[in-house]
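For reference, the structure discussed in these notes is given below.
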Amino acid sequence: MQTNTVINGDCLEVLRAMPDACVHAVVTDPPYGLSKEPDMREVLRHWLDGDDYKHKGSGFMGRSWDSFVPGPKIWEEVMRVLKPGGHIFSFSGTRTYDLMVTAMRIAGAEVRDKIDVHCDFSSYISYMYGSGFPKSLSVSKALDKKNDDEAKKWEGYGTALKPASEPIAVFSKGEDTEPPQSPDGTEFYYTAKTPKKERNAGCEDLYWCDGTPIDKPTYETMLAENESHKGDKEFKAHKLAQGNVHPTIKPLKLCRYLVKMVMPPERGLIIDPFCGSGSILCAAVLEGHDYIGIDIEESSCQIARARVLHHSGEELESTELPKRKIPKRAMPNKIAKKILRSF
Ligand SMILES: C[S@@+](CC[C@H](N)C(=O)[O-])C[C@H]1O[C@@H](n2cnc3c(N)ncnc32)[C@H](O)[C@@H]1O
């Protein structure tokens, strides 16, 4: 596997192919799992049995990849590829922070039992912004749509809070590791959401129809078709977009701050197993480090590659990581328990 690359795939599989202790830090923004409330007993049953838990329903803005937080299996792999003493920074949602941390704690305990490393929950940092989450539905407006006389009475009411902060959990691999210090000594960090110019930098030549990449001439033809059929009820308009269409981009200023905090002063390797449009990878490059990004959607990988290229100004030289010697699979917990019970 090469460094300075964005890999399209399920991070569990990609991480499995990586050698032990090859990265200095993991900074990531995984799915928050903002979907239906799970049955926690069932989730824990699966996780403690070493299974994946599959959740029904889609998450943030209807995205299926946001259905649930990553389970302990993924975090185990993350812990394995991290160098001893290294740190993991992971964004999370206010509503599901506990789930993500539980998964990581379970992964830590398992890893400690098997390969003698310790996953230690040290502290948390919070990413705050003024505009809040686009979550709450205005009750008054919803009623108004139905011409409901009640609408006036419900003015100012919403269906949910609009959280304006996303906690970042900080984990370390190794009991004696000091928690990282903020680069400028501040304890409160505020940052605005990503400006449009920053979001699209490097992505000017990316065109999309229903999330699928298309070329510029096709985009222009479809745009003209939409225009000429305006008001035609029979016509199904093409869903067109240009630039960086990822819904959960993070500000570069914040990502650079985190990278600076977690990486050694010399050049090191950082991974983001849920890289989306690549904000953390861009930050790594801008701070003079090597990176590996992974995302399950090829469209996100394309955006991430374009953004990294924009910020690095050239294709970065990559080095080959040593091949991993994959140990023979241990007997899965459930089967082992069944066999033991039969004696
Ligand atoms: C919250 S977004 C990351 C956004 C990113 N920080 C940015 O600035 O654009 C999470 C990403 O994880 C990806 N993802 C979800 N499950 C995955 C998996 N099992 N393996 C790899 N990527 C995954 C999604 O496609 C999504 O792009």
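Here, each number is a calculation from the coordinates, and none is a lab measurement. Just so you know, these numbers come straight off a predicted model, no measurement behind them. Quick reminder, even Gly has a Cβ in these numbers, built from the backbone with ideal geometry, and neighbours come from all protein chains shown.
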task = May I ask you to sort Asp144, Asp98, Asp295, Asp29 by Cβ crowding, counting other Cβ atoms within 10 Å and putting the fewest first?
result = Asp98, Asp144, Asp29, Asp295
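Going by C-beta contacts inside 10 Å, put Ile294, Ile249, Ile214 in order with the fewest on the left.
On the way: Ile294 25, Ile249 21, Ile214 18.
Going from sparsest to densest Cβ surroundings: Ile214, Ile249, Ile294.
Tell me, in nm to one decimal, what length is gained between Glu298 and Lys197 on full extension, where the rule is 0.36 nm per residue of separation less the Cα-Cα distance? Before the final figure, lay out each step's value.
On the way: separation 101, 0.36 × 101 = 36.36 nm, distance 2.27 nm.
Extending this stretch completely gives an extra 34.1 nm.
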query = Taking the Cα-to-Cβ direction at Thr212 and at Thr319 and moving 7 Å from each Cα, how far apart do the two end points lie in nm?
reply = 4.1 nm
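Pairs of Cα atoms under 8 Å, at least six residues apart: use those to get the relative contact order of region 243-302, whole percent. Don't jump to the answer; show the numbers that get you there.
Values: 86 pairs, mean separation 21.7, N = 60.
Once divided by the residue count of region 243-302, the mean separation gives 36 percent.
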Arg95, Arg305 arranged by Cβ crowding within 10 Å, fewest neighbours leading = Arg95, Arg305
message = Test of the criteria: in region 206-263, which GluC sites (Glu not before Pro) are in a DSSP loop and have at most 10 other Cβ atoms within 10 angstrom of their Cβ?
response = Glu234
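Express in nm, to one decimal, how much length is gained between Lys152 and Leu286 on full extension, taking 0.36 nm for each residue of separation and deducting their alpha carbon distance. It would help to have the intermediate numbers written out before the result.
Details: separation 134, 0.36 × 134 = 48.24 nm, distance 5.10 nm.
43.1 nm is the gain from fully extending Lys152 to Leu286.
For Leu223 and Lys328, compute 0.36 nm times the residue count separating them, minus their Cα-Cα distance, and round to one decimal in nm.
Stretched fully, the Leu223-Lys328 segment lengthens by 32.4 nm.
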message = Tell me which trypsin sites (Lys or Arg not before Pro) from region 1-82 have a DSSP coil assignment and no more than 14 other beta carbons within 10 Å of their own.
response = Lys36, Lys54, Lys56
Placed amide H near Gly86: partners under 5 Å, 5+ positions off or other chain = Lys173
